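What follows is a short report on a single structure.
The values are calculated or read from the model by the stated rules, or taken from the named source; none is laboratory data. Because the structure is predicted, anything quoted here is derived from the model rather than measured. A quick note on method: Cβ atoms are made from the backbone with ideal geometry, for glycine too, and the neighbour counts reach across all protein chains shown. Remember, those area values only see protein heavy atoms, side chains included, never the ligands or the DNA or RNA. Shrake-Rupley method; radii C 1.70, N 1.55, O 1.52, S 1.80 Å.
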Amino acid sequence: MKTRIFFYFLFGLFFAACSADRNGIERSENTMILTSDAFDNGQEIPVKYTCDGENMSPYLSWDSFPEETKSFAIICDDPDAPSGGWVHWVVYNIPVEVTFLQEGLATDSVLGNGIIQGLTDFKRTGYGGPCPPSGTHRYFFKIYALNDSLDLGPGLNEEQLLRKITPNIISQGELMGTYRRQGR
């Protein structure tokens with residue numbers, strides 16, 4: 001019995017170190033670290049950052065990215081949405097010298113330093129917080145390190161952005177939070 005548990009433990013470690021994410025990007029030991037002051041990985045997102053609160057974007061910071069990084073992009077999505085997925089935030093053209101996004105970013109499409117926010121599934125720019133119709137949903141904040149400064153124009157949605165950046169992704173990181181609305 002102990003041998004079987006140990007085997008599953010080792011297999012889980014191997015799988016976590018070598019698996020691909022939902023976008024097919026290989027994970028490795030040099031995965032970026034994405035964190036938030038608002039919640040830890042796997043923990044509940046505070047109401048303040050949801051449709052039941054102030055609906056403001058959480059503070060995010062990242063490190064452990066490759067030296068050849070030239071820019072970053074961030075996508076937040078909910079794979080548990082009834083439609084099969086819901087995009088809550090699209091941010092790109094983040095210069096390499098920027099290693100955090102402050103809490104409560106404006107919802108303008110163009111921010112300081114040339115940072116751009118794309119279109120969410122709410123059909124608007126800027127962060128749209130968790131607002132699940134029922135049950136507990138997972139929200140994946142994903143950061144991508146790119147080996148080029150692509151200087152992409154405003155208005156891209158998740159699919160368009162991923163199509164443009166995928167050849168330039170050299171590392172990525174992920175932070176997952178959950179949310180369940182009271183009484184639902």
Fill in the blank from the handout: Summed over the other residues with a beta carbon less than 12 angstrom from that of GLY128, with K and R at +1 and D and E at -1, the charge totals -1
Exercise for the section: May I ask you to rank LYS164, LYS142 by accessible area, largest first, using a 1.4 Å probe over the protein chains only? Expected result: LYS164, LYS142
Handout entry: Gained length - GLU54 relative to ASN113, 0.36 nm times residue gap less alpha-carbon distance
Key = 18.7 nm
Fill in the blank from the handout: The local net charge around THR69, scoring Lys/Arg +1 and Asp/Glu -1 for residues other than THR69 whose Cβ lies under 14 Å from its Cβ, equals -4
Exercise for the section: Any chance you could check the Cα centroid distance between region 71-117 and region 155-184 for me, in angstrom? Expected result: 8
Fill in the blank from the handout: Here, VAL98 and VAL47, labelled 7 Å along Cα→Cβ, have an inter-label distance in nm of 3.1
Handout entry: FRET efficiency, 1/(1 + (r/R0)^6) with R0 25 Å, evaluated for ASP37 and SER83 via beta carbons
Key = 0.25
